[in-house]
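Here's the structure we're looking at; comments come further down.
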Amino acid sequence: MARLDSNNHTDDYSSIVNTNPNTAFVTRKRFWFFYMFLLTIFYLVVHVIGTPAGVSWTVINILHTFVSFLLLHWLKGSPIESGDFSQGIYDKLTFWEQIEEGNQFTPTKKFLSLVPIVLLLVTSYVDYNHLFVNLVATCAVLLPKLPPMHRVRLFGINQD
């Protein structure tokens, strides 16, 4: 039995250079911490106003779904347009498709896919009554992240 050469292994993400300054911040661990911190703060704000824990987590999950779907999978192009930077190569790509040059299963994309799953698990653990709503919200934000959906526009929506 021969050992596989480590050069053939494609999980070495240290060689990925993110040349898009619009998405470079997402790959930093500080952003990941800040992202989790924001979700926690939003939960505390919703919970402090008097809603039960299960409803609070469901509200956070649904808000997270809408915001992340809009920002990651709906809006296209680059907000920063400098003279020699993109030359239009990112104009028809969503933010998700621009992250780490479109490579799949990178640590950043794994993290951004794991967050909705963890939110679903937390909402189901705290209050099982809202499972269907939370499951639909989680599927709505996870399906566009799957590799077969890369650069796919369903029914021609958002295709321009």
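The table below lists the values:
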| quantity | calculated |
| --- | --- |
| Residues of the stretch 53-70 satisfying the condition of being modelled with pLDDT under 95 and loosely packed, with under 14 Cβ neighbours inside 10 Å | Leu70 |
| Some residue of the stretch 116-130 being in contact with a strand residue (DSSP E or B) (Cβ under 9 Å, 6 or more places away or on another chain), among the hydrophobic types (A, V, I, L, M, F, W, C) and crowded, with 19+ Cβ neighbours inside 10 Å | no |
| The one condition in (1) modelled with pLDDT of 90 or more; (2) over 15 Å from the mean Cα position of the chain (by Cα) that Ser6 fails to fulfil | (1) |
| Of all residues in the stretch 131-160 being of a type outside the set (D, E, K, R) and touching a strand residue (DSSP E or B) at 6+ places or on another chain (Cβ under 9 Å), the one that is nearest to Glu101 (Cα to Cα) | Pro144 |
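The values are calculated or read from the model by the stated rules, or taken from the named source; none is laboratory data. Keep in mind the model is a prediction, meaning the values are calculated, not measured. Reconstructed Cβ throughout: ideal geometry from the backbone, glycine too, with neighbour counts over all protein chains shown.
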